There are 2 protein chains.
Amino acid sequence: MLFLESNLGDPGLYPGTQHLHDSVVQMLLSILHGDGLMGGRILSGGSEANITALWAYRNSRQRRQVLAPETAHYSVGTAADLLGMNLSYVRVDDSYAMSVDDLEAKISSEKTAVVVAMAGTTEHGQIDPVDEIQLVCARHGVPLHVDAAFGGLVFPFLSRIGYRKRLPAFDFTLAGVTSITVDPHKMGMATAPSGGLLLRNPTLLEAIAQPTTYLSSESLASILGTRCSAGVASAYAMFRFYGINGYMKLLQGCMQNAERLAAQLKDVGFRLAIEPISPVVCIRLDDEDLAKRTQRELGQRNWLVSRTTQPHGIRVVMMPHLQGAIIPDFVSTLRSIVL
Amino acid sequence: MLFLESNLGDPGLYPGTQHLHDSVVQMLLSILHGDGLMGGRILSGGSEANITALWAYRNSRQRRQVLAPETAHYSVGTAADLLGMNLSYVRVDDSYAMSVDDLEAKISSEKTAVVVAMAGTTEHGQIDPVDEIQLVCARHGVPLHVDAAFGGLVFPFLSRIGYRKRLPAFDFTLAGVTSITVDPHKMGMATAPSGGLLLRNPTLLEAIAQPTTYLSSESLASILGTRCSAGVASAYAMFRFYGINGYMKLLQGCMQNAERLAAQLKDVGFRLAIEPISPVVCIRLDDEDLAKRTQRELGQRNWLVSRTTQPHGIRVVMMPHLQGAIIPDFVSTLRSIVL
């Protein structure tokens, strides 16, 4: 609350805020195995982070093709339209993870500006096989942006608690990963606006710098001018308050609830898009009208959940504030609507 | 502070916040003679508002040329780079207002997507002759976006107090004005993020809509996804707290201080870019190195002011929190550095 009026867009006037910003970037880099990297920016959210990354790749590489999985967040489509880039979707397999074969067929050293991979898809919480994707990208000299807006503060903690499913690496441990979107205002528990863009090479942003003599810096490589810093202060506070152990505990609780929900849904006959590997449960309905009606009727009973399209269904994100005790009521309500 | 966690990007989950948002839009429309218009959006600031407007004009008109005065805010340059549009600058006259003759020479029905005019230039607080510009635009069938990020909540109140200089109209009273940027988080005294984009025809934004099934709305015509609503609640509160009379009094005080500063500067031999018509005082130094050194040395003495480039100099914005009593000290400090 103390930071509602300080402007991250004018760091000369707010050096303390800038220091918090840089600390948050370092903490995010550390969580995603980017220690020693100096590049990053806390922006307003995942959309701005993805758009900024694609803008920088377009300008620095003078290429216009973006390859992203069919499951990419809609902001990748926004970015492509905004930036005049050509977005080609890479097919996903039965588990809604990017098909490396289809990527291999579509990638082009001459045309592709950047490949986007997902770590935590919006609809399923799935991770693309980033470890394999990065090899394909590196072989073609194409940068790889990982949209871990949701998963970037989920999977590192699930891995640390020895979560039983083997999760592919997706962060800076992989040499082919050149940038990552990761949002403290999602599973980092920070308030918005707080979305991170981490860069292996911070000079990438020079490709989008605009001169701005009237601010305290001489140029600004950013879509937004004034940037509310409350989300940065909040991220700093949350990181210090929870720490690695706190987030591990938080995510363990979310994951237990997700598995409990998944089990109870299956018990009464629902099918899931994938077995949850993160606290996202995607319930197949396989019919658009049924999905719309279900979402609407759930909403009328104050269950505010999202609709999915791949497959048509309903998505539940088991956030930390949700109590496991509500699950049976949700499942029976859903059952009464659908089955 | 109560609104730090509510997301304007998901209005179905936050209907009360959306209601505040719509109220703020209506109040802004009312101040800018747009009563009865239904179009507007509170975004993160003037940069996002300008970029969003240009994006919508590019898509809806399938043209790529932007015409803007040499004094346009840098976000117009950001927008042009981001959107792949061609920004051509229109010359300004001796008073740093757009030359209508030069606009006439450059505008093209076939090529020009939009003309941008300024109401409150960043460096001088100047208004372009929007009343004449809109006629040129209308004659060529080209939309006119007015960037009144700063001036939109300055000039309406200065006009109402019968401020002695005749100010050109720049708002929806002029039929050729199709959209306006106006920022509550500048002279509206609201906290960031709170920048308004007002539209004569709200369907303009359909040209940039992206499908977003997983949110409570089916599509989103917006650069950002998650949008912190604290600035909207703050704008609502400020508008209700100050009211028209409160802002008139506030602006009168700012203007008196600007005129006092201008007079004292001229008394000791400084020259101004223009006689202030808003609470912006632009001090000519006419030398880039001198301007840089002056800004730096003022900063070392805790006078944090901006540098200008047209002309090279120093800019002071007399914001409401500044007391007139500090002016003599500033003038003598500036004198000791420069003269």
Q.
When you scan segment A:298-306, do you find a residue that is of a type in the set (S, T, N, Q), over 24 Å from the mean Cα position of the chain (by Cα) and within 15 Å of A:L261 (Cβ to Cβ), even just one?
A. no
Expected single match for at the interface with chain A (Cβ under 10 Å from one of its Cβ atoms), out of contact with any Cys (no Cβ under 8 Å at 6 or more places or on another chain) and of a type in the set (A, V, I, L, M) among B:L29, B:L8, B:L2, B:L67 is B:L2
Every listed condition ((1) more than 11 Å from chain A (Cβ to nearest Cβ); (2) crowded, with 21+ Cβ neighbours inside 10 Å) holds for B:E275 save (2)
Test B:S60 against the criterion of being at negative phi, outside any helix (DSSP H, G or I) and at pLDDT 95 or above, and give yes or no. no
A careful count of residues in segment B:70-100 that are acidic (D, E) and within 11 Å of another protein chain (Cβ to nearest Cβ) gives 1
Of B:A263, B:A235, B:A230, B:A258, the only residue that is among the small types (G, A, S) and under 20 Å from B:T122 (Cα atoms) is B:A258
Q | Any hit, segment A:241-250, residues being hydrophobic (A, V, I, L, M, F, W, C) and within 14 Å of chain B (Cβ to nearest Cβ) | A | no
Of the residues in segment A:32-48, those that are more than 14 Å from chain B (Cβ to nearest Cβ) and assigned to a helix (DSSP H, G or I) come to none
B:V281: passes all of (1) crowded, with 19+ Cβ neighbours inside 10 Å; (2) away from chain A (no Cβ under 14 Å); (3) touching a strand residue (DSSP E or B) at 6+ places or on another chain (Cβ under 6 Å); (4) not aromatic (F, W, Y) but (2)
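Rundown of residues vs (1) at pLDDT 95 or above; (2) among the small types (G, A, S); (3) on the phi < 0 side of the Ramachandran plot, yes/no style:
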position	(1), (2), (3)
B:Q26	yes, no, yes
B:R41	no, no, yes
B:R64	yes, no, yes
B:L87	yes, no, yes
B:S95	yes, yes, yes
Expected single match for within 14 Å of chain A (Cβ to nearest Cβ) and within 20 Å of the chain's Cα centre (by Cα) among B:A221, B:A207, B:A192 is B:A192
Residue count, segment B:274-305, condition closer than 20 Å to A:P211 by Cβ and touching a residue at least 40 places away in the same chain (Cβ under 8 Å), comes to 6
When (1) closer than 30 Å to B:G195 by Cβ; (2) free of Cβ contacts under 8 Å to residues at least 24 places away in the same chain; (3) out of contact with any helix residue (DSSP H, G or I) (no Cβ under 9 Å at 6 or more places or on another chain) are applied to A:Q210, the one that fails is (3)
Those residues of segment A:146-185 which are hydroxyl-bearing (S, T, Y) and either part of a loop (DSSP other than H, G, I, E, B) or within 14 Å of chain B (Cβ to nearest Cβ) (or both) amount to A:Y163, A:T173, A:T181
Note: among A:A263, A:A237, A:A230, A:A207, just one is of a type in the set (A, V, I, L, M), surrounded by fewer than 22 Cβ atoms within 10 Å (Cβ to Cβ) and at pLDDT below 95, namely A:A207
Requested in this report: Check segment A:121-141 and report whether any residue there is in contact with a Lys or Arg (Cβ under 9 Å, 6 or more places away or on another chain) and of a type in the set (D, E).
Outcome: yes
Before we move on, is B:V268 loosely packed, with under 14 Cβ neighbours inside 10 Å, among the β-branched types (V, I, T) and away from chain A (no Cβ under 14 Å)? yes
Residue hits (segment A:295-313; surrounded by 18 or more Cβ atoms within 10 Å (Cβ to Cβ), closer than 19 Å to A:D329 by Cα and more than 11 Å from chain B (Cβ to nearest Cβ)) are A:L298, A:W303
Checked A:F150, A:F157, A:F170 against criteria (among the aromatic types (F, W, Y) and closer than 19 Å to A:S75 by Cα); the one match is A:F150
If we ask which residues in segment A:95-118 are among the small types (G, A, S) and closer than 23 Å to A:S60 by Cβ, their number turns out to be 4
Exercise. Determine whether segment B:210-218 contains at least one residue that is more than 14 Å from chain A (Cβ to nearest Cβ) and either closer than 30 Å to A:H124 by Cβ or assigned to a loop (DSSP other than H, G, I, E, B) (or both).
Key: no
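Rundown of residues vs (1) buried (at least 17 other Cβ atoms within 10 Å of the Cβ); (2) of a type in the set (A, V, I, L, M), yes/no style:
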{"site": "B:S44", "(1), (2)": "yes, no"}
{"site": "B:Y57", "(1), (2)": "yes, no"}
{"site": "B:S60", "(1), (2)": "yes, no"}
{"site": "B:E70", "(1), (2)": "no, no"}
{"site": "B:M85", "(1), (2)": "yes, yes"}
{"site": "B:S109", "(1), (2)": "no, no"}
{"site": "B:D128", "(1), (2)": "yes, no"}
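The values are calculated or read from the model by the stated rules, or taken from the named source; none is laboratory data. Everything numeric in this text was worked out from a predicted model, so none of it was measured. Every residue, glycine among them, receives a Cβ derived from its backbone with ideal geometry; neighbour counts consider all protein chains shown.
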